[in-house]
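Take a look at the structure below.
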Amino acid sequence: MKKFSEFICKNRVLVLIVSFALLILSFIGMKLTKINYDILVYLPDDIETIKGQNILTDEFNMGAYAMVITDNLKADEILKVEEEMRKVDGVNKVVSLYDALGTDFPIDVLPDDIRSHLNKDNSNLLLVTFEESTSSEKTIDAVRELRTLSDNYKIGGMSSMVLDTMDLSNSEIAIYIVIAVVLCLVVLAFSLDSYLVPVLLLLNIGMAIMYNMGTNIFLGEISYITKALVAVLQLGVTTDFSIFLYHSYENKKNKMSKEKAMEEAISETFTSVTGSSLTTIAGFLVLCLMNLTLGKDLGIVMAKGVLLGLVSVLTVFPALLLTFDKYISKTSHKVIIKPF
């Protein structure tokens, strides 16, 4: 570990250059990693829900469906809407009451218990089936295109919910990550003795999160739940590694050169946090034993995230501290929250 520490301290510029270059690759990997928004695919294959869905998809081309409610449309207009829907790539069938009755049959003569399920208050129900499964790209694109055809109807069903979940999740992830970062900056500014260190600390963790998200490309895809949780979870479980290294460095640098102090801080941090990080990694890997394979998805990604967080703390963070040491001193302040 001593030779490793010496290498990091003597080649801190090289370490930073390589680490920022890896960020570019991580960003590309993150963009190429598919995000799965269908929770059903994580259910075991032997349960009835999955068996039924596989039969509908493979034998009847009805792996997914949508319920469409049209408002204030006449019978002939609804049939035209159906024709437009059938032209959408990914749509299998579109049916409504008027496919059986035509446009001339008076709908009011139907029994109320039948008519009320398909027509009510100038609203009509249409059933749309899709060629592929609920959350396949082809189905989601078909639902998205169906929504653009007209403003006179609403679309419901599992595929429509998956699309809404996708849009809502993507729009809110950035918001709560920003909130988490701001709150961490406030807490660290009060508990550490420099205004710059919290920024460097969170930059280091942010890079580790990017490495983790980028390397998910080797898994092929991850769940949207994993994507939503990983950044905040990784921030929470790896922040203390960085704090430990910084405190160790600060306690030593007044007694020796800053390079020597950092070498010893790296060695001391490695010895102290290895056990802690391994138990955290083991805890996340236990999730892989769940029958609901969402646990495996989250467990692998988070275990990898803790490992990458530890590596980043022992490489990138020391390089950042040594490079910006002069500015850390200039932005120093009294510790507001005293150690207990």
*Across segment 143-175, which residue is surrounded by the most Cβ atoms within 10 Å (Cβ to Cβ) among those that are assigned to a helix (DSSP H, G or I) and among the β-branched types (Val, Ile, Thr)?*
Val143
*Sort out which residues of segment 66-79 are farther than 14 Å from Ser150 by Cα and part of a loop (DSSP other than H, G, I, E, B), and write them in order of number.*
Lys74
*Inside segment 185-203, can you point out the residues that are part of a helix (DSSP H, G or I) and either over 26 Å from Ile17 (Cα atoms) or touching a Leu at 6+ places or on another chain (Cβ under 6 Å) (or both)?*
Val186, Val187, Leu188, Ala189, Phe190, Ser191, Pro198, Leu200
*Of all the residues that make up segment 80-99, how many are in a helix (DSSP H, G or I) and either at pLDDT 80 or above or not aliphatic (A, V, I, L, M) (or both)?*
9
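The values are calculated or read from the model by the stated rules, or taken from the named source; none is laboratory data. Computed from a prediction, not measured in an experiment: that's the story for all the values here. Neighbour counts are summed over all protein chains in view; Cβ atoms, including those assigned to glycine, are modelled from backbone coordinates with ideal geometry.
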